[in-house]
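What follows is a set of notes on a single structure, which appears directly below.
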Amino acid sequence: MSVNVFVLLAMGGAVGFLSGMFGVGGGFLITPLLIFYNIPPAIAVATGANQVIASSFSGALAHFKRKSLDLKLGTVLLAGGIVGASLGVSVFAYLRRLGQLDLIVSLLYVAFLGVVGGLMLMESVRAIRRSQGGQTVTLRKPGQHNWIHRLPLKMRFRASKLFVSVIPVLALGAFIGFLASIMGVGGGFIMVPALIYLLKVPTNVVIGTSLFQIIFVAAFTTIIHSTANQTVDVVLAFLLMVGGVAGAQYGARVGQRLRGEQLRALLALLVLAVALRLGFDLFSRPESVYSLSVGGV
Amino acid sequence: MRLCSIVTTPVLLLLPVLAARAQSEIPENIQIGLSTDQVSITSDFSGAELTIFGALDNADPLVARQGRYDVVVVLEGPPRAVTVRKKTRVAGMWINTQSVIFRDVPASYSMALTRAPQDITAPAGYRQLALGAGNLHLQPLDADGDPKTIEEFTRALRERKEAQGLYSTRAGGVRFLSQSLFRASLRLAPNVAVGTHRARAFLFRNGMFLRETSAQLTIRKAGLEQRLYQFAHENSTLYGVFAVLIAIVTGWLGRLIFRKD
């Protein structure tokens with residue numbers, strides 16, 4: 001496998017720029033981009049997880065300083081995340097043996113990016129229309145409860161001003177951990193809306209908490225992938241990190257000048273474009289119907 | 001020399017007889033030498049030419065002058081198990097549905113010849129020596145499978161390896177520099193496998209196989225990459241921890257350098 005150092009730096013930089021601009025980890029863009037660059041999906045996923053650690057760590061530090069993260073909530077999410085990630089890595093190894101890993105990774109990406117991108121686009125278009133009408137939108141309506149708040153084993157999370165059952169928190173953590181290990185993402189793009197809409201966590205602690213738990217889940221995933229599949233490429237990941245960390249700073253500056261709903265609409269379009277491209281590859285006739293892989297288990 | 005041979009025609013007529021006698025005593029031999037027994041490749045390796053020098057011992061000058069010695073040089077990559085998968089269309093999507101595992105498939109197979117293969121010897125000659133990518137004995141792990149499927153996948157395996165530039169044939173890749181000295185240039189593909197490769201040279205005279213010789217060549221990743229590669233495969237957990245630490249340090253440094261608050 002031979003790759004160009006500058007292409008990787010640029011790729012990391014571009015994704016870092018976007019992640020800084022939109023406040024997302026960028027793992028969900030890095031892995032598909034690596035796949036488009038002909039890196040085998042197994043390596044793209046594990047290396048993506050490694051790259052995510054750097055950007056989440058850098059982001060979480062900022063939130064830690066501002067105290068805009070809920071350590072207790074993060075830790076419970078993390079406990080679920082570790083269980084989910086362990087399960088995910090074994091499923092990953094099994095799919096790889098079956099020769100279906102590439103397919104499942106692509107399908108998961110198409111499904112999640114399609115749904116998340118679509119929802120975000122609808123929501124932001126609605127918000128743009130509404131703001132043109134002069135109304136303001138609040139995401140959280142205090143006092144409003146749903147079925148999640150009736151589950152047993154309640155726990156108090158002071159920083160989030162929450163009193164909820166640990167079951168949905170653990171389940172959410174496990175689900176994200178599972179996806180993280182199979183897709184090589186931090187899972188922020190699912191975690192953030194889930195915390196806001198399902199658990200009603202206040203928006204100001206959501207991103208910090210999500211980043212905090214992503215660091216550990218991504219670190220755990222990286223180590224497990226390295227042990228079980230030897231698919232982590234440090235050099236590749238490092239180049240992406242350097243580009244990413246630098247790009248994120250400029251992205252954040254540009255992001256401050258754009259308005260929230262326009263930003264979300266742009267991100268939604270980008271997410272949909274990546275989903276479409278991956279979907280197109282699934283349905284278009286491959287260059288050759290035969291493929292080789294080393295090893296025969 | 002030419003003048004001499006014109007004048008002494010009877011001697012010339014005698015030569016083959018003499019040569020034949022000389023041969024039965026000391027047969028031709030072939031030797032090859034590699035300038036290095038190790039090739040290091042870097043991560044931006046985009047393929048290279050590998051030159052192998054060789055010599056014929058006790059070459060019959062007459063046969064050599066008529067160009068009837070032929071040399072075939074092969075560089076064979078380390079054998080590995082390979083799974084060949086076939087995609088078919090399921091619900092509109094292209095999905096891997098069938099697979100055949102082959103064992104001991106050479107990772108690469110590049111061949112250089114003095115002339116086009118058919119001009120050196122008959123196809124049967126190559127088959128006997130298992131010489132040429134088409135004659136490699138590719139054996140499926142499950143030998144009891146449907147012979148038709150196995151044949152199809154064997155063909156696909158060769159075809160994919162050729163498409164990746166790993167199996168190649170280069171007519172004219174071996175040139176005689178003098179009557180007994182030759183040079184073979186082989187292509188190392190960008191995705192050449194690391195490990196022990198075997199270079200083999202085959203000597204033919206008038207389409208008859210005479211002798212074979214071989215040498216070894218180790219292809220490895222260069223410096224840092226070789227160490228990382230070894231580290232990742234031998235101490236994979238520690239490598240994972242190392243990868244995480246690098247990420248954390250990079251993230252932290254990034255924050256230090258670019259922080260605004």
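Derivation of every value follows stated rules applied to the coordinates shown; laboratory data play no part. Predicted model only: the values in this text are computed from it and were never measured. All Cβ positions, even for glycine, are placed from backbone atoms using ideal geometry, and neighbour counts span all protein chains on display.
How about the range A:20-46: which of its residues are under 14 Å from A:Gln230 (Cα atoms), of a type in the set (Gly, Ala, Ser) and surrounded by fewer than 23 Cβ atoms within 10 Å (Cβ to Cβ)?
Passing the criteria: only A:Ala42.
Checking the conditions here, which among B:Lys86, B:Lys161 is surrounded by 15 or more Cβ atoms within 10 Å (Cβ to Cβ) and in contact (Cβ under 8 Å) with a residue 60 or more places away in the chain?
Testing whether each residue is surrounded by 15 or more Cβ atoms within 10 Å (Cβ to Cβ) and in contact (Cβ under 8 Å) with a residue 60 or more places away in the chain leaves just B:Lys86.
Check whether at least one residue in the range A:47-69 is farther than 26 Å from A:Leu240 by Cβ, surrounded by 24 or more Cβ atoms within 10 Å (Cβ to Cβ) and more than 7 Å from every other protein chain (Cβ to nearest Cβ), and report yes or no.
no
Keeping to the range A:247-265, report how many residues are farther than 17 Å from A:Pro193 by Cα and away from every other protein chain (no Cβ under 13 Å).
5
So which strands (runs of 3 or more DSSP E) stay within the range B:48-104 end to end and still have 3 or more residues that are within 14 Å of another protein chain (Cβ to nearest Cβ)? Write out each step before concluding.
Values: elements: B:48-57, B:69-76, B:79-90.
Ranges flagged: B:79-90.
Away from chain B (no Cβ under 14 Å), within 24 Å of A:Leu272 (Cβ to Cβ), touching a residue at least 60 places away in the same chain (Cβ under 8 Å) and touching a Phe, Trp or Tyr at 6+ places or on another chain (Cβ under 8 Å), is that true of A:Ile190?
In short, yes.
Go through the range B:131-157 and give me each residue that's of a type in the set (Val, Ile, Thr) and under 21 Å from B:Arg170 (Cα atoms). Explain how you work it out, then say what you get.
Step one: filter the range B:131-157 for residues of a type in the set (Val, Ile, Thr), giving B:149-150, B:154.
Listed by number, the list is empty, since nothing qualifies.
Return the only residue of B:Gln226, B:Gln230, B:Gln216 being more than 30 Å from B:Leu56 (Cβ to Cβ), surrounded by fewer than 16 Cβ atoms within 10 Å (Cβ to Cβ) and in contact (Cβ under 8 Å) with a residue 40 or more places away in the chain. Give the derivation first.
On the way: B:Gln230 fails: in contact (Cβ under 8 Å) with a residue 40 or more places away in the chain; B:Gln216 fails: more than 30 Å from B:Leu56 (Cβ to Cβ).
Criteria check complete, one pass: B:Gln226.
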